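For reference, the structure discussed in these notes is given below.
Nothing in this text is a laboratory measurement; each read-out follows from the coordinates by a stated rule. Computed from a predicted structure; not experimentally measured. Here Cβ is always computed from backbone atoms with ideal geometry, including for glycine, and neighbour counts include all displayed protein chains.
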Amino acid sequence: GQQLNQSPQSMFIQEGEDVSMNCTSSSIFNTWLWYKQEPGEGPVLLIALYKAGELTSNGRLTAQFGITRKDSFLNISASIPSDVGIYFCAGNGGATNKLIFGTGTLLAVQP
Amino acid sequence: EAQVTQNPRYLITVTGKKLTVTCSQNMNHEYMSWYRQDPGLGLRQIYYSMNVEVTDKGDVPEGYKVSRKEKRNFPLILESPSPNQTSLYFCASSRAHSSDTIYFGEGSWLTVV
C-alpha cells in the first residue's frame, strides 16, 4: 500500500531546541494530519490542515500544508522532555476516511 | 468520555489458534478501521467499515477478517495466526467523511509464537 516518506526517522535533541520534520508524497492530498504517539498509547491528533498553503499552530507546534499538496511539515519550538514520542504525518486524498500514514519520526529530548 | 476500547491489550498466542481482538466505540461513529503498526512501516490499514454490515479491505488484509454487526463494535479476527502477524494493532473510529475526527484505541500487542 501507499506510504508517505517522512523524515527524519529519529531525532535526539537537547531541551529547548527547535525541531522540524516533514512528509512528502507522490500523490495529492486534501487533508494533512499530524499525530503524536506516546509509549503504550494510540496516536493522538495534534494538528489538522485542510488547504494548500495553510499554516496552523497549536501551542508550540506549527504545521503547514504544502502548496503542491504533496508535502507537509511540523515544527516544534523550544522542545521540552514531554515532547518525547513518535510523530506521524497522515494524508487523506479523497472522500473517504482512509488515512495514509508516514513511517514516523521518533523524538527524544534530553533535559 | 469519548473512547475506543480494545481487548485484549496484550496477548501471546500460538500459531494456528484462532483469536479475536474486540473493539468498541461510544461515540456513535459510522466509520471504524483496524491498523497494524510495525517498526519502520508506520501504521497500515488492515480493514475498514463505513457503516453497519459494510466492510472493505485496507492495504494489508491477508490473514484477517472483520465483522460489523453493530455500529459500536468492530472485532478483528485472526482465523489462523502466524508469526508474521506479531504486531501492535490499533482500532480507530470517526464520523463518516471526517478523517480529522479519528480516535484511536490504546493498542493491542499481539505476539504469535
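Counting the residues of the range B:72-93 that are surrounded by 20 or more Cβ atoms within 10 Å (Cβ to Cβ) and in a loop (DSSP other than H, G, I, E, B) gives 2. Of all residues in the range B:72-102, those satisfying the criterion of being within 14 Å of chain A (Cβ to nearest Cβ), out of contact with any His (no Cβ under 7 Å at 6 or more places or on another chain), over 16 Å from B:Gln37 (Cβ atoms) and not hydrophobic (A, V, I, L, M, F, W, C) are B:His97, B:Ser98, B:Ser99, B:Asp100, B:Thr101. Taking the criterion of being of a type in the set (Phe, Trp, Tyr) and surrounded by fewer than 18 Cβ atoms within 10 Å (Cβ to Cβ), would at least one residue in the range A:5-21 satisfy it? Within the range A:5-21, one or more residues are of a type in the set (Phe, Trp, Tyr) and surrounded by fewer than 18 Cβ atoms within 10 Å (Cβ to Cβ).
The condition of being surrounded by fewer than 20 Cβ atoms within 10 Å (Cβ to Cβ) and in contact with a Ser or Thr (Cβ under 8 Å, 6 or more places away or on another chain) holds for only one of A:Gly93, A:Gly53, A:Gly59, A:Gly40, that being A:Gly93. The strands (runs of 3 or more DSSP E) found wholly in the range A:37-90 and carrying at least 1 residues that are in contact with a helix residue (DSSP H, G or I) (Cβ under 6 Å, 6 or more places away or on another chain) and within 30 Å of B:Asn7 (Cβ to Cβ) occupy A:44-49. When the residues of the range B:62-71 are filtered to those that are surrounded by fewer than 18 Cβ atoms within 10 Å (Cβ to Cβ) and in a loop (DSSP other than H, G, I, E, B), which remaining residue is nearest to the other protein chains (Cβ to nearest Cβ)? This residue is B:Glu62. The single condition among (1) more than 14 Å from chain A (Cβ to nearest Cβ); (2) surrounded by 15 or more Cβ atoms within 10 Å (Cβ to Cβ); (3) among the polar types (S, T, N, Q) that B:Thr111 does not meet is (2).
Quick check on B:Ala96: is it assigned to a strand (DSSP E or B) and either touching a residue at least 40 places away in the same chain (Cβ under 8 Å) or on the phi < 0 side of the Ramachandran plot (or both)?
no
Of the residues making up the range A:64-104, those that are over 15 Å from A:Val44 (Cβ atoms) and in contact with a strand residue (DSSP E or B) (Cβ under 8 Å, 6 or more places away or on another chain) number 21.
Here A:Val109, A:Val19 are screened, and the one residue that is more than 28 Å from B:Ser93 (Cβ to Cβ), touching a Leu at 6+ places or on another chain (Cβ under 7 Å) and either aliphatic (A, V, I, L, M) or at the interface with chain B (Cβ under 9 Å from one of its Cβ atoms) (or both) is A:Val19.
Once the range B:36-54 is narrowed to residues that are within 8 Å of another protein chain (Cβ to nearest Cβ) and within 17 Å of A:Ile100 (Cβ to Cβ), the residue that is surrounded by the most Cβ atoms within 10 Å (Cβ to Cβ) is B:Leu43.
Check off (1) under 28 Å from B:Asp56 (Cβ atoms); (2) of a type outside the set (S, T, N, Q); (3) at the interface with chain B (Cβ under 10 Å from one of its Cβ atoms) for A:Gly40 and give me the number that stays unchecked. It is condition (1) that A:Gly40 fails.
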